[in-house]
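Working notes, beginning with the structure itself.
Throughout, read-outs are computed from the coordinates displayed, never taken from laboratory work. Because the structure is predicted, anything quoted here is derived from the model rather than measured. As a convention, Cβ positions derive from the backbone with ideal geometry for all residues, glycine included, and neighbour counts pool all protein chains shown.
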């Protein structure tokens, strides 16, 4: 889901230079705006996905599993960025690798590989059978709350723009 608001990042960068406290407050307020998505996504992570996910997997030394509901819920976070290189102002991300894999596994293949012979193909096949297609948690949570979030974020940016404009007239 992409909502384009022209000038928002530039306004926030200017705000960070002239009024850093106001910029920090915007970040806090924007995270509050995203809280309904974060809360819904956190509530959708089940206690257990597939039975093998409770064991440690370490391909090439990188520990990806075990899956833990509490770690998955803590991994859902809202981020605010006004960086030019980032293509978002407000994003809800999953920081836990196991939960991110479970959420998006099979997106490229769309589950077409069937049961297959490799472990990865069987993993994706079982996820599709039991939990549906990707994104299983994050995107449905974002879609369910998108209209309200869009309105609130737009209102918040309008408030900041008005404040910045009035601050600029006083200088």
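Could you give the length gained by full extension between residue 118 and residue 47, i.e. 0.36 nm per residue of separation minus their alpha carbon distance, to one decimal place?
23.0 nm
What spacing in nm lies between the two simple spin-label points modelled at residue 87 and residue 163, each 7 Å away from Cα in the Cβ direction?
Computed distance between label sites residue 87 and residue 163 equals 3.0 nm.
Between residue 139 and residue 19, what is the FRET efficiency for a Förster distance of 25 Å, r being their Cβ-Cβ separation, to the nearest 0.05?
For R0 = 25 Å, the calculated efficiency reads 0.10.
If we count other beta carbons within 10 Å of each Cβ, what is the order of 79, 151, fewest first?
Ranking 79, 151 by Cβ neighbours within 10 Å, fewest first, gives 151, 79.
Going by how many other beta carbons lie within 10 Å of each one, how would you line up 26, 65, fewest first?
Going from sparsest to densest Cβ surroundings: 65, 26.
Going highest first, how would you order 11-23, 136-148 by mean Cβ packing within 10 Å?
My ranking of the peptides, most packed first, is 136-148, 11-23.
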